[in-house]
Amino acid sequence: MNTYSSANDLYDPMTGLKDRTAFILDTERYAAKGIHAHIILVQLSQLLRINRKYGVLVCDKLIIHIAQYLQSLDANYEAYRIANSRLVLMGPECSQETADAITMRIKDRFDHAWSISHNEYVYGISTKAYFIHLFLGLEDTESDLMDKMNHAISVFPQRSTDGIIFYDKEIDSDMQHLKYVMEELRYAIDHETFQMYYQPIYDCHEKKFTTAESLIRLSGRDGTFISPGEFIPMAEDTGLIDSISWIVLGKVCQFLGTHPDLPLKTISVNMTGQQILDPNFIHRIDESLRDHHISGSRLRIEITERTIIEDFSEVKRVMEHLASKGIHFYLDDFGTGYSNLSRMFSLPFEVIKFDQSLMKTINDTNKALKTIGLLADIMHENEYSIVAEGIETENQAKTVNQCRLDRIQGYYFSKPLPEDELLRFLEEKNISEI
Ligand code: C2E
Ligand code: MG
Ligand code: MG
């Protein structure tokens, strides 16, 4: 329940615009009258750069200038500053054409520089913004509105073609789906309801399956399958990946512990560079190994270059320390656009996994085939083993073999399997010629 009786006292001191509380009170007023108000969010996106380049005072003046522009734009609309870099315009319900037109007018204004005077100088400052507009839902709470705005901003680069997003049904169902995935993810973490699947990996030298990769599976409480390609990036963004990875590690160690005769040398687990930096990393791994009475030599850790770029030197230092304690690492998804060979060679990887996108090129041209062969030679000279990922056909498998890659992972041999099916698979198919 709001304690303010009137929105009129609630102003942002810097711009003089109404503030976030006033904005919410005004949306409640519109909703009470059954009006789907038109709301335009102007999210300023370069204030940090402007602060650094021109100084705080000029940046403040720029915000004030933009605020005044918005306030004077249309007599039907009221401007608000609801956060440091968030300005909002709200006006009465209108047609889609009118809503589009006024939003476009604001966007067009941002294509020109703002003229700001400070200390006898006049600066022409260009700044970018995200423009998001929507019609107020009569049931929308403050948190609904903020969720909608945040979601639109997060998908802005992919979704906006003309520099504007209109928050329509499609984007709303997108957001509802993401919310659903987040809820199911949290539930699965709290109740440890993830399942582990294992994809056997064929060794071209030993001509049998000697290793496997553990891959997490999540089903919503309604039975819907949620792909790791969807929830893992969300878990990485929200920090939930940490809890997930420790659950995964526990499950994989438990599986290895309950099947001491499993005819696999190692199972690999996917982790992120950030986790390796956790000071407790090695203790937590030791704890899991001890709890399930297994040796660390049965475990491998896969990390993608994507997750180590940010803290490269720190990750390198910690990886070297962990490698000296016997922890072995695989570089996952090599060839997905991040790879920097000289940096990669400076890290203690045992295995390089060529991503399926790279492997798919072998169908295209002879040149691609030659390139993969050459890459393989360089890797071997540097004593790395190579796993080819995503091999789906016999032809691809034969070509991989010709390119002197060491191991093959892909649907051609097997999809990822639940524990009991993996055991059956290894029993029935563990000797195989390509
Ligand atoms: P990844 O680590 O590169 O795993 C390989 C992915 O390729 C798996 O997708 C696997 O099912 C798929 N795959 C294997 N062979 C083929 C093939 O022949 N054709 C095609 N089209 N795909 C193939 P999945 O299980 O959907 O996982 C996707 C990504 O999610 C993984 O890529 C990994 O980055 C992440 N992930 C999966 N499980 C975990 C986990 O337990 N922890 C973490 N941190 N990430 C995980
Ligand atoms: Mg992997
Ligand atoms: Mg991979």
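Counting only whole DSSP H helices of the chain, the ones at least 24 Å long by C-alpha along their axis and with mean Kyte-Doolittle hydropathy no lower than 0.0 are 241-258.
Global dimensions of the chain from alpha-carbon coordinates: Rg and Dmax equal 27.7, 83 Å.
Extending 7 Å from the Cα toward the beta-carbon at both N51 and Q68 defines two label points whose distance is 2.3 nm.
In a reduced charge model with +1 at each Lys and Arg Cβ and -1 at each Asp and Glu Cβ, the stretch 172-273 shows a dipole moment near 460 debye about its Cα centre.
For the stretch 275-434, a simple Cβ point-charge model (Lys and Arg +1, Asp and Glu -1, everything else neutral) yields a dipole of about 360 debye relative to the Cα centre. Legend: residue pairs K316/K360; K265/K325; K61/K128, Cα-Cα distance threshold 23 Å; pairs beyond threshold, K316/K360. For the stretch 20-167, the equivalent ellipsoid built from the Cα gyration tensor has semi-axes of 27, 16, 15 Å, listed from largest to smallest.
Listed values for the stretch 110-116 are Karplus-derived 3J(HN,Hα) couplings in whole Hz (6.51 cos²θ - 1.76 cosθ + 1.60, θ = phi - 60°), namely 6, 6, 10, 6, 9, 9, 10, and x replaces Gly and Pro. Between A323 and N150, the FRET efficiency from the beta-carbon distance, with R0 = 51 Å, is close to 0.80.
Extension gain for S295 to E120 (0.36 nm times residue separation, less C-alpha to C-alpha distance): 55.8 nm.
A 1.4 Å probe run over the chain, with the rest of the protein chains in place, finds 50 Å² accessible per residue. The modelled label-to-label distance between D203 and R424, using points 7 Å beyond Cα along the C-beta direction, is 2.6 nm. Think of it as helices only: each DSSP H run of n ≥ 4 in the chain is worth -39500 (n - 2.57), and spread over all residues that comes to -14000 deg cm²/dmol at 222 nm. Sorting the segments 140-153, 198-211 by their mean number of nearby beta carbons within 10 angstrom, highest to lowest, gives 198-211, 140-153.
Packing around the peptides 412-420, 325-333, taken as the average count of other Cβ atoms within 10 Å per residue, puts them in this order, highest first: 325-333, 412-420. Taking amide hydrogens as placed 1.01 Å from N in the peptide plane, the amide H of Y198 sits under 5 Å from those of L215, L417, each at least 5 positions away in sequence or on another chain.
For the chain, with all protein chains in place and a probe radius of 1.4 Å, 48% of the accessible heavy-atom surface sits on carbon or sulfur. Label the stretch 179-428 by shape, choosing from rounded, prolate and oblate, from the square roots a ≥ b ≥ c of the eigenvalues of the Cα gyration tensor; if a/c is under 1.5 it is rounded, and otherwise prolate applies when a/b is larger than b/c, oblate when it is not. Rounded is the answer for the stretch 179-428, as its axis ratio a/c remains below 1.5.
Distance between the modelled labels on A75 and I378, one decimal in nanometres: 6.8 nm (7 Å Cα→Cβ projection).
Multiplying the residue separation of N363 and D100 by 0.36 nm and subtracting their alpha-carbon distance yields 90.0 nm.
Apply 1/(1 + (r/R0)^6) to the Cβ-Cβ distance of E394 and K128, taking R0 = 51 Å, and write down the FRET efficiency to the nearest 0.05. It comes to 0.50.
Highest mean packing comes first when the peptides 314-320, 243-249, 78-84 are listed by Cβ atoms within 10 Å, giving 78-84, 243-249, 314-320. So which trypsin sites (Lys or Arg not before Pro) in the stretch 358-422 are both in a DSSP loop and have at most 16 other Cβ atoms within 10 Å of their Cβ? Here the trypsin sites (Lys or Arg not before Pro) that fit, given the DSSP loop and packing criteria, are R404.
The values are calculated or read from the model by the stated rules, or taken from the named source; none is laboratory data. Everything quoted here is computed from the prediction, not taken from an experiment. Ideal geometry is used to build each Cβ from the backbone, glycine not excepted, and the neighbour counts take in all protein chains shown. Only protein heavy atoms, including side chains, enter the accessible area calculation; ligands, DNA and RNA are left aside. Shrake-Rupley method; radii C 1.70, N 1.55, O 1.52, S 1.80 Å.
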